[in-house]
Amino acid sequence: MITAALAGLGLGLSLIIAIGAQNLFVLRQGVRREHAAAVAAVCAASDAVLIVLGVSGVGLVVHAVPWLLVAVRWAGCVFLVGYGLLAARRALRPSGAALAADTPTRGEGGPASTLTRTALAPTLLTCLALTWLNPHVYLDTVFLLGGVASTYGAERWWFAAGAVIASAAWFSGLAFGARYLGRVLATPRAWRILDGVIAVVMIALGVGLVLPG
């Protein structure tokens with residue numbers, strides 16, 4: 001029981017801790033202190049659903065419908081490239097005023113809200129798209145993790161519990177730990193660099209989804 005849970009925890013962390021679209025989005029929201037808790041909760045809940053689907057054997061059903069993953073792959077490509085282009089636009093914007101507005105400010109009461117904030121609904125929709133339109137999340141979480149869990153037989157749900165805990169811990173730590181980068185990203189130039197990195201990674205991931213090989 002404990003062995004299965006620890007194995008799920010370890011594999012879950014190894015699959016989640018990587019530079020990807022979802023983690024970069026959570027990082028950016030955490031640095032901005034904008035809906036960080038909600039974003040982390042959506043990511044963890046989505047992972048939990050996918051883990052349960054994988055462990056319950058639904059991954060085998062999805063694997064039997066190859067066109068479904070192809071559709072998700074192209075939809076993910078369009079979304080990631082589009083998001084990357086928006087990040088590139090922010091990075092290349094000639095005026096730093098809007099970028100400066102994205103940077104959290106401090107007042108007498110501690111960290112204040114950003115001057116320009118994105119509403120909760122579009123933020124969560126973006127988070128959901130970055131999660132569910134990424135075919136790698138199905139390959140890793142549903143197929144791979146579900147396949148490994150099946151080797152634990154009756155204890156596979158303890159394995160799943162460990163993986164769910166790993167996901168919740170990672171996204172919570174990333175979202176709330178990112179706020180300590182606020183001082184590092186306290187200038188418009190620093191935000192341009194971050195958005196430039198996000199643009200490159202997002203576009204590369206999007207293009208990589210549809211390239212052969």
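Selection of segment 118-134 for residues being part of a helix (DSSP H, G or I) and buried (at least 22 other Cβ atoms within 10 Å of the Cβ) yields 127, 130. Within segment 191-213, the set of residues being aliphatic (A, V, I, L, M) and more than 18 Å from the chain's Cα centre (by Cα) comprises 193, 210, 211. For segment 27-59, a residue qualifies if it is of a type in the set (Ser, Thr, Tyr) and within 13 Å of residue 130 (Cα to Cα), and exactly one does: 46. Please pick out the residue among 97, 87 that is at pLDDT 80 or above and within 17 Å of residue 190 (Cα to Cα). Answer to the check: 87. Within segment 5-26, the only residue that satisfies the criterion of being in contact with a Phe, Trp or Tyr (Cβ under 7 Å, 6 or more places away or on another chain) and at pLDDT below 75 is 17. Filtered by the rule that a residue be under 27 Å from residue 142 (Cβ atoms) and aliphatic (A, V, I, L, M), segment 167-209 gives 168, 169, 174, 175, 198, 201, 202, 203, 204, 205, 207, 209. May I ask you to list the residues in segment 44-62 that are modelled with pLDDT under 90 and among the hydrophobic types (A, V, I, L, M, F, W, C)? Of everything in segment 44-62, those that are modelled with pLDDT under 90 and among the hydrophobic types (A, V, I, L, M, F, W, C) turn out to be 53, 55, 58, 60, 61, 62. Filtering segment 166-189 down to residues that are in contact (Cβ under 8 Å) with a residue 60 or more places away in the chain and over 16 Å from the mean Cα position of the chain (by Cα), which residue is farthest from residue 34 (Cα to Cα)? Going through the qualifying residues, I end up with 189.
With respect to the conditions (1) free of Cβ contacts under 8 Å to residues at least 12 places away in the same chain; (2) on the phi > 0 side of the Ramachandran plot; (3) not charged (D, E, K, R), residue 35 falls short on a single one, namely (1). Listed by position, the helices (runs of 4 or more DSSP H) enclosed by segment 135-213 that each have at least 3 residues that are out of contact with any Lys or Arg (no Cβ under 7 Å at 6 or more places or on another chain), surrounded by fewer than 22 Cβ atoms within 10 Å (Cβ to Cβ) and among the small types (Gly, Ala, Ser) are 156-177, 188-210.
The values are calculated or read from the model by the stated rules, or taken from the named source; none is laboratory data. All values reported here derive from a predicted model rather than from experimental measurement. Backbone-built Cβ (ideal geometry, glycine too); neighbour counts: all protein chains shown.
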